[in-house]
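The values are calculated or read from the model by the stated rules, or taken from the named source; none is laboratory data. Computed from a predicted model, the values in this text were never measured in an experiment. Backbone-built Cβ (ideal geometry, glycine too); neighbour counts: all protein chains shown. Note: areas computed on protein heavy atoms with side chains; ligands, DNA, RNA excluded. Shrake-Rupley method; radii C 1.70, N 1.55, O 1.52, S 1.80 Å.
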Amino acid sequence: AVSFGPVTWLVLSEIFPAQVRGRAMGLATTANRATSFVVAFSFLSLCDALKWSGAFWVYAAFAAMATVFYATLIPETTGLRLEEIFPLFGDLRGLVRTNVRSLPRPLGEA
């Protein structure tokens with residue numbers, strides 16, 4: 001199945017400075033497992049309340065929001081050293097502008 005699972009670990013391993021990486025990864029792992037628990041724990045209740053299709057539409061909405069988040073707020077880090085990545089988060093507007101410009105364009109649009 002296709003998911004955002006691997007993206008999370010890749011991004012986390014690249015954005016934390018070495019001096020806090022261990023603690024930050026521990027906190028991120030805890031948050032990841034906690035949200036996984038919430039999804040697993042609430043799934044059947046959500047299916048009862050919204051029916052199966054409604055529950056999956058809720059998850060699809062979260063996936064769409066994650067796609068927008070990754071596409072606009074996560075910088076491309078290919079070829080950059082860790083010291084060059086951290087400052088990219090300092091200028092949020094510039095980061096979003098750069099990321100939006102680099103998104104693939106529909107066919108026929110120049």
Among the candidates GLY22, GLY54, single out the residue that is part of a helix (DSSP H, G or I), free of Cβ contacts under 8 Å to residues at least 60 places away in the same chain and touching a helix residue (DSSP H, G or I) at 6+ places or on another chain (Cβ under 8 Å).
GLY54
In the set PHE41, PHE89, PHE69, PHE56, which member is open to solvent by 80 Å² or more (accessible area, probe 1.4 Å) and under 17 Å from the mean Cα position of the chain (by Cα)?
PHE69
Would it be correct to say that LEU50 is open to solvent by 90 Å² or more (accessible area, probe 1.4 Å) and either more than 24 Å from THR77 (Cβ to Cβ) or not small (Gly, Ala, Ser) (or both)?
no
Flagged in segment 10-19 as in a loop (DSSP other than H, G, I, E, B) and either surrounded by 14 or more Cβ atoms within 10 Å (Cβ to Cβ) or of a type in the set (Lys, Arg) (or both), in numbering order, are PHE16
Is it the case that some residue within segment 67-88 is in contact (Cβ under 8 Å) with a residue 12 or more places away in the chain and more than 29 Å from PRO104 (Cβ to Cβ)?
no
Residue identified as assigned to a helix (DSSP H, G or I), in contact with a Ser or Thr (Cβ under 6 Å, 6 or more places away or on another chain) and modelled with pLDDT of 90 or more among VAL96, VAL68, VAL38
VAL96
